[in-house]
Each structure stands twice: as C-alpha cells, then as structure tokens.
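> Submitted below is the structure of interest, expressed as structure tokens.
Nothing in this text is a laboratory measurement; each read-out follows from the coordinates by a stated rule. All figures in this text were calculated on a predicted structure; none of them were measured in a lab. Note: ideal-geometry Cβ built from the backbone for every residue, glycine included; neighbour counts use all protein chains shown.
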C-alpha cells in the first residue's frame, strides 16, 4: 500500500489532505450570512436564502470554524464568533420558552418549525464545547445548552428523548437513535471542555443500550427508530424512505459513525471513570465489518445508504457523509488496532470519494446514484461541511480524542 496515492501515512497523502481541507474551508465561505447564522449552499456554493436558518447547520458550521481557526486559517475566528452570537440571540433562539427552533426564516412557511429537537441541540453543544475548548468565550452558551438538554434526558431509560413542542409541554412519543449518537459525540467533547465525568456516564449509558444491547442483539444492524418505551420500531418510516433524518430501514453510515465514537468513548471512560467497557473496541470492529459486508458495493464502489434487517439494500444511492465517515472510522481503527486491513480500506474509501464525490473546487457532491451520477433524491446542493472537513483530518490527528482536542494540543505538528 505504500505506493497508493491514498496511503494513510505518506507525506504525499498528508499534503493532499491539507489541500482538501483548505479547499473545503474556501468553498464554505459564502455560507456566512451577514444578517445572522449560516446559509444553505447550492451546488455552486451560492447561498440559498429560501432554506432559512437551520439549527443543525448553524451548530455544525460554528464547530467547523473552530477547527479552521485551530488549523490557522484566517477569518475562521470571526466565523466562530458569528456563529456563537447567532446561537445566543438569533432567530433560532426562543427567548420566551427556551431552547432553539429547528428552522426559522425559510421562504416556505411550512418549512419553518417551532418544535424543539434534541438532534439540533446536540450540535449547539458540539459548537459551544468545541469553542470553549479552543479558548473562545463560550461559557454562557455552553452552560445554556447543557441546561436546556436536561429537558430531553429521561433518567429511567438513560436516553435522550426526541421532540418537544415550543412550550415544552408536549413530548412526542417518537424516540430516535440518531440524536443520541450525536449527543454522545457532543458529550465526549463536553468532557474535554470541562472534565465533568457526568458527560461520560451519560454517553456510556446511551452506548450500552443502543450498541451493547440492541445492536449487538440484532446482528450488528442498528435500529434507528423506537417507540416511547424505547422498544425498536423497525417499520417506522416505511412510507417515507427518503427522509433526511428519519429514513426507513437501517442507516449504514450511522454504524460507521458509532464505530468511531466507541473508540473515543473507550479513552474517555479510562480518563473519566478509571476503567473502560471491555467490549467497545470489539463492537467498533463489528459495526465496521457489518457495514462493509452489507452495503459496500465491490463492483461499483461506494456504500448503499440503507438496508433492511436481512442486510439487503433498500436505498442504493451514495451519500457523501457515509463515505466520509467510512474514511474516518477506517483511519481510527487502523490507529488503535494496527491492522493493515483498515489502512487498505482507508485508501479504497478515499479513492472512491476522490473520484466520484470531490469536485475540482474541493466541494463534495452530496448524493450520487449507484452508478456514480449526480442525484438529488434526498439532498439538494452542498450545505454540509462537517462530514467532509472531518474526513480530511482524522488520519492527521490522534484517534482517541476529538479533533478539537487534537488540534489544540498541536497534533498536526
């Protein structure tokens, strides 16, 4: 593998990764909305004001700006401050009832939502914790979002609920794995920011239930959707298979994300709790193996987006975030196990991403069909920087902590 253009530890590959990082940050510059927040971008990188302000994107862009600042790129600190200010008091912040709206300011009134979702709040915490860890004045926002998240925490199942109405008086019976995964991600960063072991205790409880119990008992295929009592609801979403955030079936990319997060959780448990769950690294490898076995297309390349519970493909489109997570997870597993097979997968994943998803300006096409042609069944434009930017950094930083921690500690040097 040493002569492969995407070999993980060659100087040439690291230089290529650095170039991709710079291109992505440059492409995303127009997303900053001078009137507040960040905009959805179209395929050419132009803002789409009709999409309004979306909480998950605002949190992600602010977090990415923290990474860009720590990498030394100019104007990224201003983007961090812009994002923090908007989250404090912008159109998404509900000054009357607390929390943050899902969407505000969209041209289509039906696209605006005054519900409060734990999913978007996870990215407010990610942004605030990352900014705090990087030395920005974010203590107020950080304390604010931690307090708000208590509304979702259900102590008995030790999981986060999903959706409240605006007034926090009606809790939707739906429960989801996706916001809990991202709250584990944000919780790991929160622990790095304030060293409170409670973050790791909660992340551990979520991982034990969703991965150690449910997924391990389901052939390592993670159920995404749950009823109010946290029993899996495998047929949820059958009438909306192309949903952005609640698609039908098994979402393969989340297995890869979880696999990476379990490695970081293992380290955090040792630091915060004095010992780690012995099954975490094995579970990480099993999730990776299941994703490759069920969804990697050996003939055409790329991962199918979703499968049924027998491992048969449901949605064969290729989403940019899935291959980006595959890159990150293979890099992390190679670092912690030393198994060269993961380095080989890493190179194959980058080869597919570079040849199919990445354009000359460094931006990533968000959705392709199975043959590699541009598609828009679920995604339109190129709004999301977060997955692609992280993919360019995982191989260049330590595998066992957050990217923010690694950059702050001088990991690239």
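> Looking at the square roots a ≥ b ≥ c of the eigenvalues of the Cα gyration tensor of region 70-189, which shape do they give, rounded for a/c under 1.5, prolate if a/b is larger than b/c, or oblate?
Taking the square roots of the gyration eigenvalues as a ≥ b ≥ c, region 70-189 is oblate.
> Would you mind ranking 240, 380, 39 by Cβ crowding within 10 Å, fewest neighbours first?
On the way: 240 11, 380 14, 39 24.
Ranking 240, 380, 39 by Cβ neighbours within 10 Å, fewest first, gives 240, 380, 39.
> In whole angstrom, note down how far apart the Cα centers of region 267-288 and region 75-96 are.
Their Cα centres are 34 Å away from one another.
> Right, something else. Among 126, 149, rank each residue by its count of other Cβ atoms within 10 Å, from fewest to most, as a rough exposure measure.
Details: 126 28, 149 21.
So the ranking, lowest neighbour count to highest, is 149, 126.
> Let me ask something additional. Can you tell me which of 163-173, 65-75 comes out highest on packing, and rank the rest after it, using the mean Cβ neighbours within 10 Å?
The packing order, highest mean first, is 65-75, 163-173.
> Hey, another quick one. Picking from 185, 114, 266, which is most flexible by a Gaussian network model of the chain using Cα springs under 10 Å?
Answer for the Gaussian network model of the chain: 114.
> Another question, then. Hey, what number do you get for the chain at 222 nm if only DSSP H runs of n ≥ 4 count, each worth -39500 (n - 2.57), divided across all residues, to the nearest 500?
-14500 deg cm²/dmol
> Between rounded, prolate and oblate, where does region 329-413 land on the alpha carbon gyration tensor, with a ≥ b ≥ c its root eigenvalues, rounded for a/c under 1.5, else prolate if a/b exceeds b/c?
Note, shape of region 329-413 comes out oblate.
> Ranked by Cβ crowding within 10 angstrom, fewest neighbours first, how are 29, 23, 382 ordered?
If I rank by nearby Cβ atoms, fewest first, I get 29, 23, 382.
> If you count, for each residue, the other Cβ atoms within 10 Å and average over each peptide, how do 331-338, 214-221 line up from highest to lowest?
Top of the packing list down: 331-338, 214-221.
> Under the classification rounded if a/c is under 1.5, otherwise prolate if a/b is larger than b/c and oblate if not, where does the chain fall, given a ≥ b ≥ c as square roots of the Cα gyration tensor eigenvalues?
Verdict is rounded for the chain.
> In what sequence, highest mean first, do 198-204, 305-311, 268-274 appear when ranked by Cβ atoms within 10 angstrom?
Numbers: 198-204: 20.9, 305-311: 18.3, 268-274: 16.6.
Peptide ranking by packing, descending: 198-204, 305-311, 268-274.
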